1. In whole percent, what relative contact order does the range 319-463 give with Cα contacts below 8 Å and a gap of six or more residues?
2. So how much slack lies between Thr275 and Gln304, counting 0.36 nm per residue of separation and subtracting their Cα-Cα distance, in nm?
3. Give the Rg/Rh ratio for the chain, taking Rg as the radius of gyration of the Cα atoms and Rh as the Kirkwood radius, to two decimals.
4. On full extension of the chain, what length is gained from Lys370 through Lys412, given 0.36 nm per residue of separation minus the C-alpha to C-alpha distance?
5. Counting only other residues whose beta carbon sits under 11 Å from that of Gly495, what net charge do I get with K and R as +1, D and E as -1?
6. For a 22 Å ceiling on Cα separation, which of these pairs sit above it: Lys114/Lys423; Lys55/Lys489; Lys489/Lys615; Lys478/Lys530; Lys479/Lys530; Lys114/Lys181?
7. Please report the accessible area of Ile50 (heavy atoms, 1.4 Å probe, ligands and nucleic acids excluded) in Å², nearest 10.
8. Keeping every protein chain in place, order Lys476, Lys281 by accessible area at 1.4 Å, biggest value first, i.e. largest first.
Amino acid sequence: MSPVFPMLTVLSMFYYMCLRRRARTATRGEMNSRRAIESNTRALPINVEIVQYAKEVLDFSSHYGSENSMSYTMWNLAGIPNVYPSSGDFTQTAVFRTYGTWWDRCPSARLPFKRTPSTFCSQDYVELAFEEPVYPTAVHILETYHPGAVVRILACSANPYSQNPPAEVRWEILWSDAPTKVNGLQARQFTPCIKQINFPTNLIRLEVNSSLLDYYTELDAVVLHGVKERPVLSLKTSMIDMNDIDEDEDEEKFGCGMDTLNKQFSIVALREWPTNGYFDKLPYELIQLILSHLTVPDLCRLAQTCKLLYQHCCDPLQYIHLSLQPYWARINDTSLEYLQSRCTLIQWLNLSWTGNRGAISVSGFSRFLKVCGSELVRLELSCGHFLNETCLEVITEMCPNLQELNLSSCDKIPPQAFNHIAKVGSLKRLILYRTKVEQTALLSILNFCSELQHLSLGSCVMIEDYDLIASMMGAKCKKLRSLDLWRCKNITESGIAELASGCQLLEELDLGWCPTLQSSTGCFTNLARKLPNLQKLFLTANRSVCDTDIEELAANCTHLRQLDILGTRMVSPASLRKLLESCKDLSLLDVSFCSQIDNRVVLELNANFPNVFIKKSFTQ
């Protein structure tokens, strides 16, 4: 064959790609590529731009503040700016719960799921509703402290104020990028170049990753610019950039990946080739190992190539660990139905952020667990607002081997539903952060789940007597290694004494913003003497922490790695030097707003102990 024919074939394919690109552009009336929008199109000014601040905060994954306050909460993102253009640490801003990598370097850290796409790095989110649905032309995010955490901005087709919910809820990515560390702490207006979409929206979602930041990022307000009528684009189609095609294909990969689950997992009529080439010579196990590096959408695509790879891609051994969180916007009942036959051996399942706004029903979730729950060891359901009492009952009945359950920010689950968790006696990790668990249910859980090693009760505001809870932990949970009591309002020295006496294996304890604890009662010195294995201790915003407490920690807790004493007025530089000299593994020391520790002292300590990150926050 003449060598010209392969060249013609390549040219034909390129011409087809260009025509396909133009056809999609003509159909949608827009270019998806940022470069295409900036270089090859011109928006015609057909209506006036509307500028609006967020009217309401609808949902979020975490926040630093209390459920009964406005300080440092996500609710501060509603309305006009409170702080901007000022910079610094202000209580009137929205702050997420974590920052940096410290939470991944403590005893309670969870192992990551494999196969997480490199394009998905979101750790937290907040959803904002605006008054008027518009076609977005710009989104301004006012960052007042440690900017750079926002990694994705999305728009939703559903109108949260409409009386008639849409048949289909669509989410489109307006902008995404990797997390960044911005030089300098000055406030800024972050205005990324966003993609145009083909539906009006008044529901915007921000996703953040704070892993590169030295401290908590603080957001003040979000401004949505848009027009009521869809912009008309004047296209210059004389030039098509190959990079436009590549970027569009990447977007299709994200956007249609889970649609592939719904439509193409069910394909059975695959062409059977007479030979599979070198794949016929490879052991089955080796092919499985190779495919284990693919993401779930890539497995879906590969399954369409031939019967051999279809068999490999649908092998339940490929789904021992499965995280669907990166595809939260596309997961629904149909997705779970098609995955059932492939997940019969699943042990780790991550459905965090999925199923909201009716995407997953109680019946769909229940059907999936009845088929796939018998081997489950770890179940992540953070921010699963479809969960109700029936779901928890199904979990406890269908998952007899469950050891880890994450219900963080599942604030729609009714209080009485948590009683069912007590049936899972094998639990080793339970995360109930920002849930409505009540005292009676929690006492039952602690009584029957004596294998617990990690327990999070942060911001659980419906518990009336934390001393009673601590006493039950000390009596029943002897294996406890980490305990989060962030913002528990009523624990006293009595509960701390019971806890320290009974749970002497504790390596991590968060007592941040617990106002009823007073150093004068000896509660902190008691902790230091009874818990020599402590690696992380947060006493955030406890004004009474004093030199005696720090010196007891230095003498007894030499394995300490993270200490937060933000806000104390009673700790001197001398006691901190003793601590740093004694605790050789210490890597984080937060002395923000400690009145005796000024910037000069911090500089001196940093010079003498360079391996310790010493944080001193400020307000301008």
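The values are calculated or read from the model by the stated rules, or taken from the named source; none is laboratory data. Note that the structure is a prediction, hence the values are computed from the model and not measured. Here the Cβ is made from the backbone with ideal geometry for all residues, glycine too, and neighbour counts use every protein chain on show. Surface areas here come from the heavy atoms of the whole protein model, side chains and all, with no ligands, DNA or RNA. Shrake-Rupley method; radii C 1.70, N 1.55, O 1.52, S 1.80 Å.
1. Value for the range 319-463: 18 percent.
2. That works out to 8.8 nm of additional length.
3. 1.00
4. Here the segment from Lys370 to Lys412 would lengthen by 12.9 nm.
5. Result for the neighbourhood of Gly495: -4.
6. Lys114/Lys423; Lys55/Lys489; Lys489/Lys615; Lys114/Lys181
7. 50 Å²
8. So, going from the largest accessible area down, we get Lys281, Lys476.
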